[in-house]
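Only the coordinates and a few stated rules stand behind these numbers; no lab work does. All values derive from a computational prediction rather than experimental measurement. Note that we place each Cβ from the backbone using ideal geometry, even for glycine, and neighbour counts take in every protein chain shown.
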Amino acid sequence: MLRIAAAVTLVAAFLGVPPAAISAANGPVILAIIHSAQPYRTYQRIQLQVNLRAQYSNPFDPAQIDLHADFIGPGGRRERVNGFYYQGYRRVPHSIPWVLKPSGSPEWLIRFAAPVPGVWTYVVYLRDRTGVQVHSTLGSPLRVQAGTNPGYVRVSRYDHHYLAFDNGTSYYPVGENLAFWRQIYGLNEYYNWLNAPGKLHAQRANLIRVWMDPWTFQTDFVRPLGNYRASQANAWAFDQLLTWLEADRIEVIPVLLEDFEFRHKHSSDVWRDNPYNRRLGGPAETPCDFFSNPTAIALFERNLRYDVARWGYSTAILGWELWNEVDLVTNFNSCRPQVLSWHSAMITALRSLDPVHHLVSTTLARAFTDPSIWRLPGISFVQGDHYDKHLPRFIVGDIHGLRRYGKPVWMSEYGPFGHPPGPHDDHTGQFIHLGQWASLLSGAAGAGLNWNWQAYVDRYHTYWVYGAIPRFIAGIAMDREHFSPRWPIWLRVRGGRIEVFVLQGRTVSLLWARCFASAGCGSFTLPLSAVGRATRVQWWNTRLGTPISGAPIHAVAGSATLVYPGHAGDYAAKLFP
């Protein structure tokens, strides 16, 4: 990094405004503002290091110290970004288990990404517990050039069931849960899952879901509550993960809270160790109290402020997931109104804290448990969880049922666990394969995120499953086709049956067929309404994501006949007018 503090100080002196002059007597002082060489690119991280002197004991309490900046861009566009306390770390070489040690002295940082090119100025404000506020423009302005980053993920303005980037490029998520690492290997596991040959990045996966656990990335669950010095190593680890994801153009959904941290009377539950528990000095007598106790709410909002200040700049953050399976919190049914009010309050807090307004969601173990949560205006997308041996059937039902809210929908978790055949009976990736294609053809906004990434996907190296759908839909703007999903059609063929899924679009329709006939399915006939105006079909291999044949569709007397391209198994097709 090119340090420009000395130059900034000289400029300030030339203008007759020495840095120390911007503070009041006995109040805080902004000594220098340091950033890297210019110019920047749009959506690239701009990091200001603010050297300051102030009076505070807890650097994470904004009542004691508040550092923020107003960035002013072309046309007067203004964005407020909060600063944060930062401690760097380094890994102890060859350490097993994973060990991190502090590196350097603590710093105060402000992170920002300019969404449009041009000249951006900033004003940095600092207030400490004396109540005195000072400000500085040292190092301003910033020059930003147009870059290639497509921006943040949004709900598409063309079809609210799908997603797109700021620049209008369609975004269709394909990926898996990478919820946490094994403690012995630490962050190295994420690099392996993402970037080892043949794994997620190589297969064009573009989304992962990560739990912010106390032993991985979470900043909040430390004592004393509201003071995150003890979790700075976790925060540094998530910084590194974001750096890899930004380079790979892979999005992440950080899950801020997990149900098991708010359950008790179970051997694996950790409410007994939760710092919000009153028995440990926290404010909540029971897990349900977390949703209504004013102190608990204020402390969690403080943590939101810290997380957003540190990571909110990143285009690799798809959105904030407030809860994993909140309906599994102990005595959830007795505090449903409080849970709903809590979600509404946290959405409001995020809207005020997050200058770029990332998407927001939550999850329920039983997606239809409480429809009022999905109806909240601030819930950007809807998620379902399902574990069953008949995955396609249940995924179709969940997606069709959850699309009623007029928002993007996908499966945040799915798998056959507890129901044979389980992951140890299937070493080929078949259950993930079926879940993804059932999601796509049901009108889901993404292909769904499977569970069991370690003992199944990585162990049996079934990463191939993530490559086919990105190849199949390449060139299709999923958010502009106004797709309409149809319920699966079961047809009898000689020697068995065939199941057909159709997703009707404006310029192209998608089809997925599964043949259950020992002698193959040959030709089959669909109602003409299922194929719409389509006159030709292009069949695709669903494992390789490659086209294999094309043929006309024969339409006679209200029916359309297609020829199945292979023996048993499943194939996909594009239907063209």
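May I ask you to evaluate 6.51 cos²θ - 1.76 cosθ + 1.60, the Karplus curve with θ = phi - 60°, for each residue of region 341-347 and list the ³J(HN,Hα) values in order in whole Hz, giving x for glycine and proline?
Using θ = phi - 60°, the values come out as 5, 4, 4, 4, 5, 5, 4 Hz.
Can you give the log10 of the normalised intensity I(q)/I(0) at q = 0.15 Å⁻¹, computed with Debye over equal Cα scatterers of region 176-472?
Summing over Cα pairs of region 176-472 leads to -1.27.
Which order do the peptides 500-509, 126-135, 405-414, 160-169 come out in when sorted by mean C-beta neighbours inside 10 angstrom, highest first? Write down the numbers at each step before the final one.
Working: 500-509: 20.2, 126-135: 16.9, 405-414: 24.0, 160-169: 18.7.
Result, highest mean Cβ count within 10 Å first: 405-414, 500-509, 160-169, 126-135.
Distance between Cα centroids, region 262-327 to region 83-154: provide it in whole Å.
25 Å
Using only the alpha-carbon atoms, how far is helix 430-441 inclined from the longest principal axis of the chain? Give it as 0 to 90 degrees, nearest 10.
90 degrees
Between helix 294-311 and the chain, what is the angle of the helix's C-alpha long axis to the longest principal axis, kept within 0 to 90° and rounded to the nearest 10?
80 degrees
Please grab the % of Cα pairs in the chain that end up more than 49 Å from each other.
16 percent
From the P(r) of region 453-577, can you give the percent of Cα pairs sitting at distances over 22 Å? All intermediate terms of the calculation are to be shown ahead of the outcome.
On the way: 2908 of 7750 pairs.
Here the long-distance tail beyond 22 Å is 38 percent of all Cα pairs in region 453-577.
How much mean residue ellipticity at 222 nm does the chain get from its helices, if each DSSP H run of length 4 or more adds -39500 (n - 2.57) and you divide by all residues, to the nearest 500 deg cm²/dmol? Intermediate results must be reported in sequence, preceding the final value.
Details: 10 runs with 109 residues, N = 577.
Computed ellipticity for the chain at 222 nm equals -5500 deg cm²/dmol.
Could you check the spin-label model distance between Leu109 and Ser36? Points 7 Å from the Cα along Cα→Cβ, value in nm.
1.1 nm
Angle between the Cα long axis of helix 391-402 and the longest principal axis of the chain, 0 to 90 degrees, nearest 10?
60 degrees
Three principal axis extents, largest first, for the C-alpha atoms of region 317-422, in Å?
47, 31, 24
Under a point spin-label approximation (7 Å from Cα along Cα-to-Cβ), what is the Phe516-Leu528 distance to one decimal in nm?
Inter-label distance under the simple model: 3.0 nm.
Relative contact order of the chain, please, whole-number percent, based on alpha carbon pairs below 8 angstrom and at least 6 residues apart. Walk me through the numbers before you get to the answer.
Values: 1326 pairs, mean separation 60.9, N = 577.
Once normalised by length, the contact order is 11 percent.
Quote to one decimal, in nm, the extra length available between Leu376 and Arg459 on full extension: 0.36 nm per residue of separation minus the C-alpha distance between them.
25.9 nm
Kindly write out, for region 548-554 in residue order, the coupling ³J(HN,Hα) from the Karplus curve 6.51 cos²θ - 1.76 cosθ + 1.60 (θ = phi - 60°), rounded to whole Hz, with x marking Gly and Pro.
Working through the residues one at a time gives 10, 6, x, 6, x, 9, 8 Hz.
Could you tell me how far the Cα centroid of region 39-78 sits from the Cα centroid of region 367-403, in Å?
Their Cα centres are 38 Å away from one another.
Through the Karplus equation 6.51 cos²θ - 1.76 cosθ + 1.60, θ set to phi - 60°, convert the phi angles of region 147-158 into ³J(HN,Hα) values in whole Hz; use x for Gly and Pro.
These are the phi-based 3J(HN,Hα) values: x, 9, 5, x, x, 8, 7, 10, 5, 4, 6, 8 Hz.
How big is the C-alpha Rg of region 5-145 next to the rule-of-thumb value 2.2 N^0.38 Å, as a ratio? Don't skip to the answer; put the middle values down first.
Working: Rg = 16.7 Å, N = 141, 2.2 N^0.38 = 14.4 Å.
The reported ratio for this selection is 1.15.
Once you list every other residue whose beta carbon is under 9 Å from the beta carbon of Phe112, what net charge do they have if Lys and Arg are +1 and Asp and Glu are -1? Spell out each step's value before the answer.
On the way: positive: Arg45, Arg111; negative: Glu79.
Charge balance near Phe112 sits at +1.
Excluding same-chain residues fewer than 8 positions from Lys574, which aspartates and glutamates have a Cα within less than 18 Å of its Cα?
Asp479, Glu481, Glu499
What's the ranking of 375-385, 517-527 by average number of surrounding C-beta atoms within 10 Å, highest first? Could you put the intermediate results ahead of the total?
Working: 375-385: 20.3, 517-527: 16.0.
Ranking the peptides 375-385, 517-527 by packing returns 375-385, 517-527.
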